[in-house]
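J.: After the structure tokens below, expect a handful of questions from me.
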Amino acid sequence: MTVLVAGAGLAGLSAALSLGRRARVFEREARVGGTCRTEIAGRFTVDHAGHYLHFRDAEIRRLVHRMLGRNLMSAPRDSWVHLKGLDTPYPFQANTFGHDAKLIRECVMGYARARDAARPGKPGETYEDWIRRTWGPGFLRHFMKPFNEKQFHIRLAQLLPLQGGRFLPKPDPHEIVRGALARRHISSGYNAMLEHPRHGGIEVLPLAFARALARSVKTGSPLRRIHWRSRVAEFAGAGPQPYGVLVSSLPLPELLGRLDPLPPAMARARSSLRSVGVLCLHYLVRGPHERTKHWIYVPERRFSFFRVGFPANINHADAPPGAGIISAEMSYASGRRPGIGAALARARLGLRDLGVLGRGCRIVREIAVDIPCGYVVFDRAYPQARGAALRWLAARNILSIGRYGSWVYGGMEDAMREGLDTGRLVAAYGERAGARFRVEDLR
């Protein structure tokens, strides 16, 4: 049985690794990695986006450490929130100290009342409802609502509670009260400890996977069409390829667009799947700049970016001595990406206003990376459209996996886990794998 893998990001490479020689991998770009890519600019090492490993899965941790050996470093997270001219440690819920008394009272007392009420969720509950019920109106109004609406370009009342999921830190009541009385820096949330390659950037991880495969990856070969009735996939530069199972990590709407013919039900599902794009704007700098923080969440609208990262503060090898990297992330609604030049200029002004670009700091180079499908939008149409698409595909032995293929929000560990599990499923059940493919899990 021939297994074709479309996409050589971490999900596709992991699936191919567990399938061995029966897998043939095709990648549209000239190099593997998907969004796990790195640019080397002189003595600067710049990941396309903020890619850090946060291990919960022992098998994935062992696999990555086997792949990279000693080329891994770790560090405790040092993240912050910039609000009303003040930087406070993240998460905001456990670090209101320093803000005015009215804000602190509104947040902490609102949380206490919400906790005392302990109301269960109602059918049709929105993300806004869930935050208000769980955290109270103060935390909702001052941080969670402005930050999420800025990042996702949609009102919280139109989103499902899935939008937060396990990635939202959940400090306990004692931490919330103590964080209102004094400045503290707690390690809360899924990413409290970071791991990252010491040298070469995050791209060394998919490169290590590719070297471990039984067959080389066919790069520069995008998926053009899927003749699903006859089980033939067409790849540029490779021609028609018959398959028993097709594993894809392409963004789900993009994969549906490759179906030939495209069934009306899948066309409707495709049109209902929404995402926001992200511009990752990297400034390579010399001179005075922020030198300790790892990243800052920025909910206020007057700044064009929702988050600013400082990769060389985490891994000092990513920049030469005295230099640094400032990475501003700006999201945009689908089809409404701003011009790169204008985005770089506006973010540059915002970084100076934020105080992370000091007086006399010199920008030696700017790198802009566009991720058109950055974050899935979990709106009301999402569950039905996603489920219908994945079930229809699986019934035809097309298994769509990974952060973008499964159309979820997940990290690198999740992508590798899903890839390994899918490869093992196909290895065990062959052309019956589609009938056993689980599509309901939402991370």
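The values are calculated or read from the model by the stated rules, or taken from the named source; none is laboratory data. Keep in mind that what you see is a predicted model, and the values were worked out from it rather than measured. Positions of Cβ are generated from backbone atoms using ideal geometry, with glycine treated the same way; all protein chains shown enter the neighbour counts. Calculation scope for accessible area: heavy atoms of the full protein, side chains included, ligands and nucleic acids excluded. Shrake-Rupley method; radii C 1.70, N 1.55, O 1.52, S 1.80 Å.
J.: Would region 242-284 count as rounded, prolate or oblate if I go by the C-alpha gyration tensor, calling it rounded below 1.5 in a/c and otherwise prolate when a/b exceeds b/c, oblate otherwise?
T.: oblate
J.: In region 195-351, with Lys and Arg counted as +1 and Asp and Glu as -1 at Cβ, which of these residues, A343, S304, L252, has the Cα nearest the positive end of the dipole, that is, farthest along it?
T.: L252
J.: Same structure again: At R155 and D260, where each label point lies 7 Å from the Cα along Cα→Cβ, what is the point-to-point distance in nanometres?
T.: 4.3 nm
J.: Where in region 397-418 does the label zone of R62 land, with the point 7 angstrom along Cα→C-beta and an amide N cut-off under 19 Å?
T.: Of the residues in region 397-418, 413-418 have backbone N under 19 Å from the label point off R62.
J.: OK, next. What does the C-alpha gyration tensor say about the overall shape of region 36-76? Classify as rounded when a/c is under 1.5, otherwise prolate if a/b is larger than b/c, or oblate.
T.: Prolate is the answer for region 36-76, as a/c is 1.5 or above and a/b outweighs b/c.
J.: Quick check: residue separation of M109 and R424 times 0.36 nm, minus the Cα distance between them. What number comes out in nm?
T.: Gain on extension, M109 to R424, equals 108.4 nm.
J.: Using only alpha-carbon positions, what ratio does the radius of gyration of region 370-420 give when scaled by 2.2 N^0.38 Å? Let's see the in-between values first.
T.: Details: Rg = 11.7 Å, N = 51, 2.2 N^0.38 = 9.8 Å.
That works out to 1.19 for region 370-420.
J.: For L159, enumerate residues with amide H under 5 Å from its amide H, sequence gap 5+ or separate chain, H modeled in the peptide plane.
T.: So L159 has HN proximity to Y127, E128.
J.: Cβ neighbours within 10 Å, averaged per peptide: list 256-264, 270-278, 238-246, 86-94 in order, most packed at the top. Each step should come with its number before you reach the end.
T.: Values: 256-264: 15.4, 270-278: 19.1, 238-246: 17.6, 86-94: 21.1.
Per-residue mean Cβ counts within 10 Å order the peptides as 86-94, 270-278, 238-246, 256-264.
J.: Sum up the charges of everything whose Cβ sits under 10 Å from the Cβ of I363, counting Lys and Arg as +1 and Asp and Glu as -1, but leave I363 out.
T.: +3
J.: Another question, then. Could you please state how large a percent of the accessible area of the chain is carbon and sulfur, counting protein chains only and using a 1.4 Å probe?
T.: 50 percent
J.: Excluding A157 itself, calculate the net charge of residues whose Cβ lies under 12 Å from the Cβ of A157, where each Lys or Arg counts +1 and each Asp or Glu counts -1.
T.: Its environment carries a net charge of -1.
J.: Around Y375, which amide H atoms from residues at least 5 apart in sequence, or from another chain, sit under 5 Å from its own amide H, with H modelled in the peptide plane?
T.: Long-range HN contacts for Y375: V276.
J.: Which FRET efficiency value, to the nearest 0.05, do you get for I40 and A368 by plugging their Cβ-Cβ distance into 1/(1 + (r/R0)^6) with R0 = 22 Å?
T.: After rounding to 0.05, the efficiency reads 0.85.
J.: Report the label-to-label distance for R302 and R70 in nanometres (one decimal), using points 7 Å from each Cα along the Cα→Cβ vector.
T.: Here the answer is 5.0 nm between the modelled labels.
J.: Shifting gears a bit: From the alpha carbon gyration tensor of the chain, can you work out the equivalent ellipsoid semi-axes (sqrt of 5 times each eigenvalue) and give them in Å, largest to smallest? List each step's numbers first, then the result.
T.: Numbers: eigenvalues 277, 146, 79 Å².
Largest first, the chain gives 37, 27, 20 Å.
J.: Amide H of W228 versus every other amide H placed in the peptide plane: which residues, excluding those fewer than 5 positions away on the same chain, fall under 5 Å?
T.: D260
J.: P146: net charge of surrounding residues, Cβ under 9 Å, Lys/Arg +1, Asp/Glu -1, itself excluded?
T.: Taking every other residue near P146 into account, the sum is +2.
J.: Continuing with this model, one more query. With the cut-off at 29 Å, tell me which of the pairs K170/K293; K218/K293; K122/K293 have Cα atoms farther apart than that.
T.: Over 29 Å apart, Cα to Cα: K218/K293; K122/K293.
J.: May I ask you to evaluate 6.51 cos²θ - 1.76 cosθ + 1.60, the Karplus curve with θ = phi - 60°, for each residue of region 239-245 and list the ³J(HN,Hα) values in order in whole Hz, giving x for glycine and proline?
T.: With coefficients 6.51, -1.76 and 1.60, one gets x, x, 10, x, 9, x, 9 Hz.
J.: Moving on to the next point. For region 306-314, in order, what is each residue's ³J(HN,Hα) by Karplus, 6.51 cos²θ - 1.76 cosθ + 1.60 with θ = phi - 60°, in whole Hz (x at glycine and Pro)?
T.: 9, 7, 10, x, 10, x, 6, 6, 7
J.: A further question on this structure: Only sites in a loop by DSSP and with at most 11 other Cβ atoms within 10 Å count here; which trypsin sites (Lys or Arg not before Pro) in region 8-73 make the cut? Provide the component values of the computation, followed by the final result.
T.: Numbers: sites: R21, R22, R24, R28, R31, R37, R43, R56, R61, R62, R66, R70; in loops: R28, R31, R37, R43, R56, R70.
Sparse-neighbourhood loop trypsin sites (Lys or Arg not before Pro): R70.
J.: What does the highest-first list of 377-385, 361-369 look like by mean Cβ count within 10 Å? Spell out each step's value before the answer.
T.: Values: 377-385: 18.6, 361-369: 15.6.
Descending packing order for the listed peptides: 377-385, 361-369.
J.: Rounded, prolate or oblate: which one fits region 37-136, using the alpha carbon gyration tensor with axes a ≥ b ≥ c (rounded when a/c is under 1.5, else prolate when a/b beats b/c, else oblate)?
T.: In terms of gyration-tensor shape, prolate.
J.: Once phi is turned into θ = phi - 60°, what whole-Hz ³J(HN,Hα) does the Karplus curve with 6.51, -1.76 and 1.60 give for every residue of region 28-40, x standing for Gly and Pro?
T.: 6, 7, 6, 9, 7, x, x, 7, 7, 10, 9, 10, 9
J.: In addition: With contacts defined as alpha carbon pairs under 8 Å and 6 or more residues apart, what's the relative contact order of region 201-317 in percent?
T.: 13 percent
J.: Hand me the GluC sites (Glu not before Pro) from region 51-135 located in a DSSP loop with no more than 14 other Cβ atoms within 10 Å, in residue order please.
T.: Those that pass, being in a loop and sparsely packed, are E125.
J.: So how strong a dipole does region 38-185 carry about its Cα centre when Lys and Arg Cβ are +1 and Asp and Glu Cβ are -1, to the nearest 20 debye? Intermediate results must be reported in sequence, preceding the final value.
T.: Working: 25 positive and 15 negative charges, 54 e Å.
Here the size comes out at about 260 debye.
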